[in-house]
Amino acid sequence: MSGNSALDLAATVGSRRDEPIDVLASPADLERWVAECDELPDRVTADFETFESALSLREAIYQLALDRVFDRPFDRGSLKIVNNTAAGPVPTIKLSDTGLHMSGDLLAVLSQIARSGIAVLADPHACLKECGRAGCTRIYLDRSRGARRTWCGMDECGNRVKAAAYRARKRASTAPEGRGGFRH
């Protein structure tokens, strides 16, 4: 959804400024999230220590992405976490008649995610944006023509914003003008 596995990991906490919603509450949640990501090995197990490492990586990536969006110097502590994680083992890839197969443990997955984050954060041409819907704090990679994308995704945020705008226009067009007067 965000256009990058590292940004997708950062997006596992929604509404960060209001009432944060964390979809990774347990190691099992992390295992399911990894399995749903196409570019990551799909069969990993998470112990509590590696789960905590994943959460630290997630927060570091989010901080660095925010720094990039707001054109600030990178947070040094977050840089250290991402760079150290990227230096870990990498997944093994194999090509077969059925396509690409990737395997590795959760440490390899986290290393792959950190590397993906480094690639997008270091790319001076990558257009990172924060979603334009109030309350959504997802950061996404805008690859649209002219970099005019406004929301992290049309299904979740774009439709909500458009529906709210439609309801507001409809209320405004049916509301009486002034005190007791009607529209003419």
task: Have a look at R43, R16 and point out the one that is closer than 18 Å to H101 by Cβ, of a type in the set (K, R) and in contact (Cβ under 8 Å) with a residue 60 or more places away in the chain.
output: R43
statement: Per the filter on the range 87-115, residues among the hydroxyl-bearing types (S, T, Y) and in contact (Cβ under 8 Å) with a residue 40 or more places away in the chain are S103
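Could you check the range 81-106 and list, in sequence order, the residues that are outside any loop (DSSP other than H, G, I, E, B) and over 20 Å from the mean Cα position of the chain (by Cα)?
N84, T92, I93, K94, L95, S96, G99, L100, H101, M102, S103, listed by residue number.
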Checklist (1) under 17 Å from D71 (Cα atoms); (2) surrounded by 16 or more Cβ atoms within 10 Å (Cβ to Cβ) applied to R133, failing item: (1)
message: Restricting to the range 29-61, and then to whatever is closer than 22 Å to R17 by Cα and of a type in the set (G, A, S), can you tell me which residue is surrounded by the fewest Cβ atoms within 10 Å (Cβ to Cβ)?
response: S56
task: Report yes if E59 is more than 28 Å from H125 (Cα to Cα), at pLDDT 95 or above, charged (D, E, K, R) and assigned to a helix (DSSP H, G or I), otherwise no.
output: no
statement: Inside the range 12-44, the number of residues satisfying the requirement of being part of a loop (DSSP other than H, G, I, E, B), at pLDDT below 95 and among the small types (G, A, S) is 1
task: Scan V120, V90 and give me the residue that is surrounded by 14 or more Cβ atoms within 10 Å (Cβ to Cβ) and touching a Lys or Arg at 6+ places or on another chain (Cβ under 8 Å).
output: V90
Test for G158: is it surrounded by 10 or more Cβ atoms within 10 Å (Cβ to Cβ), at pLDDT below 70 and part of a helix (DSSP H, G or I): yes
- prompt: Take the residues of the range 66-80 that are in a loop (DSSP other than H, G, I, E, B) and charged (D, E, K, R): which is surrounded by the fewest Cβ atoms within 10 Å (Cβ to Cβ)?
  reply: D71
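The values are calculated or read from the model by the stated rules, or taken from the named source; none is laboratory data. Being a predicted model, the structure only gives us computed values, none of them experimental. Here the Cβ is made from the backbone with ideal geometry for all residues, glycine too, and neighbour counts use every protein chain on show.
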